[in-house]
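No value in this document is a laboratory result; all are computed from the given coordinates. Please read these numbers as outputs of a predicted model, since none were measured by experiment. Because the Cβ atoms are built from the backbone with ideal geometry, glycine has one as well, and the counts that use them run over all protein chains shown.
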Amino acid sequence: MFPPAPVWSVDGIPDLSGQIMIVTGGNTGIGRETVKVLYVTLPALSLSLIMSLTQALLAHNAKVYMACRDEGKANRTISALEQETGEKAIFLHLDLSDLESVRKAADEFLSSETQLHVLFNNAAVMACPMDELSKQGYDLQFATNVMGHFFLTELLMPALRAAASSATDKKARVITTSAAANYLYTINWDSFKDGRARRAMDINELYYQSKHANVVVSREVARRYGHDGIVSISLNPGQNSLFGGRFPLSSVLRSVSHTHSTGNLKTDLQRYLSGFRKAWIDRILYPAPMGALTQLWAGTSPETADFNGKFLIPWARLGEARKETGDPEVGKRLWEWLEEQCKPY
């Protein structure tokens, strides 16, 4: 029912000196823990130490940009992380729901850096009220979780290519956080902007769609840029292992998804939940540091450098996404649509 104890630990992370990384949404939840561990290593890491990530921290030497929307919250997190690790992350203003903001964030980064070794496309929103749309009028979940990350990745591709060309292993990485929800929906092509098709879906289905599309885009990045040394990996950071293998299309699984679409992880992603559902979920969730483990394996381990186009599951294991995510025709169609929407910005 639940993922087995991890075999890999952050002890397996090599020295990251000289490497430049971006974590989107890094001021809360899984992103915060990823930023923290990119700066630190925990000795003799066990399951309990993963869950706390507060004991015996040692400097780990990555240069990390925390890309998020709320500067005040980000600066408080940066200060807290500096106290815990002795290292300081760099704030990068980014609102993924606004394509103009994505462009500005990429321009700001590229004005300071010529290389990017790892891009963690981590940020997400979930179960937003139906009336909430992005600045450009798209479904807020699709705009934030899919469109913003697609555009950011494309804009930063020159820095990723530059890092790959100079790296010892000739590789740079794009790590995209999906969810177990990728198994629960495919793509409704008429639902990206507000209208009858979108309103016919519920807010959970809109989230499932965005997480499915995350894997589709990640695999298309792998197809298009793998020859340049770009390793694109998508992952489920901590959802119930019931979702981690092949997907049985059953009403039981779908009913479980309504409580586990946020994963087994306690993060800010659950902020729109309320009442009994939130109270029940809070009792069964793992701490956010557990979710960072699979991201860190994907983004730093020498073992995963050959996992281009793959999908990972908790905790730090190779798994399978829903089979439709690997359809190259779907990938091509979604990519071309995203390119067209982002072109004005």
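One table, with the values for the structure above:
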| read-out | value |
| --- | --- |
| Integer Hz, Karplus 6.51/-1.76/1.60 couplings in order for segment 147-152, x for Gly and Pro | 4, x, 5, 4, 5, 4 |
| Over 27 Å between alpha carbons, listed pairs LYS73/LYS193; LYS135/LYS211; LYS135/LYS170; LYS170/LYS323 | LYS73/LYS193; LYS135/LYS170; LYS170/LYS323 |
| Residue-by-residue Karplus 3J(HN,Hα) for segment 18-25, coefficients 6.51, -1.76, 1.60, Hz, glycine and proline x | x, 8, 10, 9, 10, 10, 7, x |
| Cross-link pairs beyond the 29 Å C-alpha cut-off, checked among LYS104/LYS332; LYS63/LYS332; LYS88/LYS310 | LYS63/LYS332; LYS88/LYS310 |
| Long-range amide H partners of ALA316 with built H, under 5 Å | THR294 |
| Distance in nm between pseudo-label sites at ASP107 and SER165 (7 Å out along the Cβ direction from Cα) | 2.4 |
| Under-5 Å amide H pairs with VAL231, H placed in peptide plane, nonlocal only | ALA172, ARG173, VAL174 |
| Gyration tensor (alpha-carbon) shape descriptor, segment 162-219, a/c threshold 1.5 | prolate |
